[in-house]
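The values are calculated or read from the model by the stated rules, or taken from the named source; none is laboratory data. The structure presented is a predicted model; accordingly, all values stated were derived computationally and were not measured. Quick reminder, even Gly has a Cβ in these numbers, built from the backbone with ideal geometry, and neighbours come from all protein chains shown. Ligands, DNA and RNA are stripped out before the accessible areas are found, and what is left, the full protein with its side chains, is counted by its heavy atoms. Shrake-Rupley method; radii C 1.70, N 1.55, O 1.52, S 1.80 Å.
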Amino acid sequence: MSIWTVAGRQEIGFVCGTRQRALLARRRGESNLVYRSGQWFLYATVDVSEPPLQDVADYLGVDLGIVNIATDSDGRVYSGGQVNGLRHRHRRLGKRLQAKDTRSARRLLRARRRKEQRFGTHVNHTLSKRLVAEAQGTDRGIALEDLGGIRGRVAARRPQRATLHCWAFNQLRQHIAYKARLAGVPVVYVDPRNTSRTCPACGLVDTRNRASQAKFQCVSCGLLGLADTIAARNIRIRGRGVGNASTRRGAVSRSEAPSGKCRPL
Ligand SMILES: [Zn+2]
């Protein structure tokens, strides 16, 4: 790269991966030079072409949570055990380090936090890639809960959500949205109310359907299942409604706005 310095224009080498190198062919505008943790990074903006959206008649419903990071309407459960375990370990260590309020303790704490975020980002990339591939391979779109402006109700449904790292949750939603766009997979956002209290078989909405935090049992028809899977199935059903009701393009082109849900740390 070539940058202006106080000593004039200088040519400086850089390294990047193969994919990044390919993307650089479509670089747009200026790049930013960023100094972070003793290393210099070059942030470049690139143009990426989007394929036309697939025409879909059905959706893969995806419920996002904490214990199970994601659960889809086909019954697949993506557990957060590993990520959450790492978080707890770091939190404990963090408490000890915070008690020792020294410069080296603070530095170590920052490094830990970054490591945790890198791992979370890796998990989110892997997970979103799998979900998008699953939807694409079965000619379906993806349906997610619309979390704009309904924070209170959703938080109430799952008290453990308060402990979630908001940035990880929002990042996963954004990863799904952008990978879906790159793959031509439509994403719709559905009304999240009562997704875990509604019976996907008979339609009964009742708090008693939620037998426990993890279990769903319909008090009317007896349908039994994991609460998260049931929620994902309801999200799928609502996704079909959203996909049919609005003009398809209108439904999917609405940009994702997760900021109403929670602020990144
Ligand atoms: Zn039922």
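Please calculate how many Å² of accessible area region 1-78 carries per residue, with a 1.4 Å probe and no DNA, RNA or ligand atoms counted.
Computed with neighbouring chains in place, this is 69 Å² per residue.
Between SER79 and SER49, the modelled label-to-label distance comes to 4.3 nm, taking each label 7 Å out from Cα in the direction of the beta carbon.
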